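Read through the structure below, which is laid out as structure tokens, and then see the notes.
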Amino acid sequence: MAPPVILFDRIPDDGLQQELVLEEAWLTEVLAETGLMAVPGVAGSASVRLDKDGRNVFLSGRFEAPAQADCVACLERMTLSLGADLVLHLEPAAGKSVKATHEEVELSRDELDVDVYTDDRIDLAHWLREAILLEAPLHPRHEVCPVKLEMPAAPPSARDVIDPRLAPLARFIKKE
């Protein structure tokens with residue numbers, strides 16, 4: 001189940017705190033086209049606070065989302081911990097001109113830190129999805145790859161030597 005949509009009128013004047021579970025199925029959907037995968041049986045979490053200032057909403061908090069990927073250097077599976085602080089300033093979309101997606105729009109300095117919500121609905125899934133995707137590495141890599149280099153007892157011929165960086169590829173060879 002995706003994180004909830006919060007109606008503006010349901011946010012008390014003193015703010016609303018939400019503790020969320022980011023379920024594995026939802027994380028799988030979010031990470032589907034990134035090359036990353038959700039960790040089987042492990043959910044993420046998010047702590048989100050919503051505060052009102054007139055019709056504006058300030059969203060703050062933190063998320064943690066576990067993910068798996070293949071290291072681009074050694075091709076071994078690795079587990080990542082995606083996490084970041086959230087700070088968003090949301091304004092109602094009413095009265096704001098919505099440009100077509102193909103048009104270039106020049107934003108002022110004040111507009112760079114502001115986004116909009118529509119129909120008095122703050123969709124937490126949308127904002128959390130964006131934050132997770134921004135934290136996802138393009139080229140996941142171990143800090144130190146776990147490839148072990150072993151020296152053979154007798155020096156093999158040049159064609160018998162397998163570069164240790166390519167050794168994980170051997171698991172893709174079908175043996176007859």
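Only the coordinates and a few stated rules stand behind these numbers; no lab work does. Remember, it's a predicted structure, so these values are computed and weren't measured experimentally. Cβ placement follows ideal geometry from the backbone for every residue including glycine, while neighbour counts extend to all protein chains displayed.
Computed quantities for the displayed model
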| item | result |
| --- | --- |
| Computed FRET value (nearest 0.05) for Asp163 with Arg62, which takes r as the C-beta separation and R₀ as 35 Å | 0.25 |
| Charge context of Pro3, other residues only, Cβ under 13 angstrom, K/R +1, D/E -1 | -3 |
| Nitroxide proxy distance, nm - points 7 Å out along Cα→Cβ at Glu19 and Glu135 | 1.8 |
| Two-site label geometry, Arg77 and Ile173: point separation in nm, points 7 Å out along Cα→Cβ | 2.2 |
